[in-house]
Amino acid sequence: MALKITSRLFTFSHRVISCNVFSSASGYSERFTVKHDRQNRRFTVSPGSGAGPNECAMLNYRFTGQKEVDLMSTFVPETIRGQGIAAVLSQAAMDFLVEENLKARISCWYIKKYIDEQPQQQYKHLIIS
């Protein structure tokens, strides 16, 4: 019984988002799966089934108020950098803000850059200066 309840909680606390990233440098498209681990307050991307735990890219956040988060940091292991993974993680975080009607403080330089580079500036209203 406890196992059944735990598995249900695990299902609700993790959200999986799949996306394709095209690398113009190499000319190939790669599929990444973003997992939202709500319990540990992070988004993660693992590059493939053979990847070790240290090869996981992540974006960490924390709640700073009832409807407010701080997007604290992104990390992409050196072995998988340059493939647009930090952008995919940042997009997942923006989607999270929109879906949950949250505002965000941005501590991470990369996420600030990602938001500033969006042509429609669609996320500016979600950011707390």
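Brief remarks on what is shown
- A simple packing score, the average count of other Cβ atoms within 10 Å per residue, orders the peptides 83-89, 104-110, 120-126 as 83-89, 104-110, 120-126, with the highest score first.
- Extension gain, Glu68-Trp109: 0.36 nm per intervening residue step, less the Cα-Cα distance, totals 12.9 nm.
- Applied to segment 80-90, the Karplus parametrisation 6.51 cos²θ - 1.76 cosθ + 1.60 on θ = phi - 60° returns per-residue 3J(HN,Hα) values of 10, 6, x, 10, x, 5, 4, 5, 5, 5, 5 Hz, with x for Gly and Pro.
- Hull volume per residue, based on the alpha-carbon atoms of segment 53-107 and their convex hull, is 80 Å³.
We did not get these values from a lab; they are worked out from the coordinates using the rules stated. Keep in mind the model is a prediction, meaning the values are calculated, not measured. So basically every Cβ, Gly included, is an ideal-geometry build from the backbone, and we count neighbours across all protein chains shown.
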